[in-house]
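Structure, as structure tokens:
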There are 2 protein chains.
Amino acid sequence: MSQEDTALVLFSGGQDSSTCLAWAVDNFARVETVGFDYGQRHSVELDCRMEVLSAVRRAFPAWNRKLGDDHLHAIPVLGNISETALTRDTEIVFAEGGLPNTFVPGRNLIFLTLAAAIAYRRGIRHIIAGVGEVDYSGYPDCREDSISSMEDALNIGMESDFILHTPLMHLDKTAIWHLADHIGGPELTDIIIEYSHTCYLGDRNTRHDWGYGCGHCPACALRAAGHEGFIEQTVKADKATE
Amino acid sequence: MSQEDTALVLFSGGQDSSTCLAWAVDNFARVETVGFDYGQRHSVELDCRMEVLSAVRRAFPAWNRKLGDDHLHAIPVLGNISETALTRDTEIVFAEGGLPNTFVPGRNLIFLTLAAAIAYRRGIRHIIAGVGEVDYSGYPDCREDSISSMEDALNIGMESDFILHTPLMHLDKTAIWHLADHIGGPELTDIIIEYSHTCYLGDRNTRHDWGYGCGHCPACALRAAGHEGFIEQTVKADKATE
């Protein structure tokens, strides 16, 4: 990558992609964002997405100057294909293999291919996705071998030279909080706490020290535990330097 | 493949995918079909799609028994992303690299990924696409290396064991007419001539011996030349056996 290049960030408005957004503006000259509306149960996610983007623009003028177009595309086909909890009012359960019934097979492959088509049209080479192997809930298309294989398929199928960046690939949720803190300090982690959305149930009424959410669904549990680890380690580090 | 397996055919209602449909019912125990409405300029294509399917069902009772669900999904996102002639009322031109401005980057990658998601949900392992390297108009995602690389990406990203079949990969349009004739005889080639649609301009008024179409656009030109070659070779073969 190069400080002269443009990057396209897959930005959903969650903790992970908000951290990726910061990583992108920290590493590239210009950053565009793309999001997909695939019939999420809670339009709150799409609202949060715009709020994170606005808050980042307000809090970081240097990043604001780097941020370009935001592309939002509706892809109801994913909801149509799948009978999954993320797109319907059914309960989230976990199958024996560890895969939640929120599993939309190949969802990230679709997102990456559409992002690559947009990047192709806009002459952008770098694509950034907040997927990772650590807390991936068993989604195979979040893993490094899947991303690497998709990069090949996109480059051959579009005769291109895309680079797929996955800065969170080997980070757990605690490390992701640390990364955001490292890039943007408490201004950024506060934005992520306040505006980014994670909760599967779309709860924006219950406030915790790690943000809003029901506090019980798998996504909230991961976010809360990660934040707790981050705070513990930060306090420990502060004490060590006292 | 096995005569006991089910296959999913990417079926658009054109000459190529109609031939693939016949190849599928000839080779598999059960066949489902999937089509995508991505804002084609001419809904005539979707009408022809249903007409080919109905005509095949009527003409071939044995195939009719093998044909299962047809899945039709709207994906307007492709039209939204792209400024291309296939989805807008602009003229079709060819860029210097040989790629028509109908080029929707990675269009077949999207189709294959969505088809694989459907196949995953339905427990289908075999996916059949009518793409080929010979008359591919410069679309890189029609080539064998692209399909093979996409097969890898889908299998890794969905933890699956899909096989992507591309029976037309190395056939020119004349050979594709021969393949249809070989599988279904004149009953099938007549159906393809009468109902399958190829013309970029959506012309269903002008009848030629190879079917309906403007007769001038690149798609008509390919179809017409291929059919001419097929008739010439068939006449020559008939004379040789007289």
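Since every read-out is calculated from the coordinates, none of them should be taken as a lab result. No experiment lies behind these values; they were computed from the predicted model shown. All Cβ positions, glycine included, derive from the backbone under ideal geometry; neighbour counts span all protein chains shown.
Taken along the Cα-to-beta-carbon direction at a fixed 7 Å, the label points for residue A:170 and residue B:159 span 2.2 nm. For the stretch B:125-188, the alpha-carbon coordinates run over 42, 27, 11 Å along the three principal axes, in decreasing order.
Which part of the stretch A:198-213 falls in the paramagnetic zone of residue A:238, meaning amide N under 13 Å from the point 7 Å along Cα-to-beta-carbon? The answer is none. Set the Förster radius R0 to 56 Å, insert the Cβ-Cβ distance between residue A:62 and residue B:134 as r into 1/(1 + (r/R0)^6), and round the FRET efficiency to 0.05. Result of the calculation: an efficiency of 0.60.
In the structure shown, the pairs A:66/A:236; A:173/A:236; A:173/A:239; A:66/A:239 are assessed against 27 Å; a Cα-Cα span above that value is assigned to A:66/A:236; A:66/A:239. Under 5 Å between amide hydrogens, built in the peptide plane, is the criterion, and for residue B:29 it picks out B:4, B:5 among residues at least 5 positions away or on other chains. Rounded to the nearest 500, the 222 nm mean residue ellipticity of chain A from helices alone is -16000 deg cm²/dmol, with -39,500 (n - 2.57) taken per DSSP H run of at least 4 residues. Overall, the ratio between the Cα radius of gyration of the protein assembly as shown and 2.2 N^0.38 Å, rounded to two decimals, is 1.09. If only the Cβ of Lys and Arg carry +1 and only the Cβ of Asp and Glu carry -1, the dipole of the stretch B:102-242 around its Cα centre is close to 420 debye. With N counted as the residues of the stretch A:6-241, its alpha-carbon radius of gyration over 2.2 N^0.38 Å works out to 0.98. Projecting the Cα atoms of B:216, A:206, A:225 onto the charge dipole of the protein assembly as shown (Cβ charges, centred on the Cα centre) puts A:206 farthest toward the positive pole.
Note on the protein assembly as shown: antiparallel DSSP beta bridges, both residues inside, total approximately 15 percent of the bridges counted.
Ordering A:30, A:207 from the fewest to the most neighbouring beta carbons within 10 Å gives A:207, A:30.
In terms of surrounding Cβ atoms within a 10 Å radius of their Cβ, A:150, B:158 rank from fewest to most as B:158, A:150. Once you order the gyration tensor axes a ≥ b ≥ c over the Cα atoms, which shape class does the stretch B:150-242 get: rounded for a/c under 1.5, otherwise prolate or oblate by comparing a/b with b/c? Taking the square roots of the gyration eigenvalues as a ≥ b ≥ c, the stretch B:150-242 is oblate.
Annotation for residue B:216 and residue A:208: the two label points, set 7 Å from Cα along the Cα-Cβ direction, are 6.6 nm apart.
Rounded to the nearest 20 debye, the dipole magnitude of chain A is 520 debye, with +1 charges on Lys and Arg beta carbons, -1 on Asp and Glu beta carbons, and the Cα centre as origin.
Look at the alpha carbon pairs under 8 Å that are at least 6 residues apart: their mean separation over the length of chain A gives a relative contact order of 21 percent. With a 10 Å cut-off around each Cβ of B:214-222, the average count of Cβ atoms from other chains is 0. Approximating the spin labels as points 7 Å out from Cα along Cα→Cβ, the residue B:43-to-residue A:225 distance works out to 5.1 nm. Averaged over peptide A:119-128, the number of partner chain Cβ atoms lying within 10 Å of each residue's Cβ comes to 1. Ordering A:177, B:23, B:63 by the number of other Cβ atoms within 10 Å of each residue's own Cβ, fewest first, gives B:63, B:23, A:177. Roughly how many Å is it from the Cα centre of the stretch A:220-241 to that of the stretch A:30-72, as a whole number? Taking the Cα centre of each part, the stretch A:220-241 and the stretch A:30-72 sit 27 Å apart.
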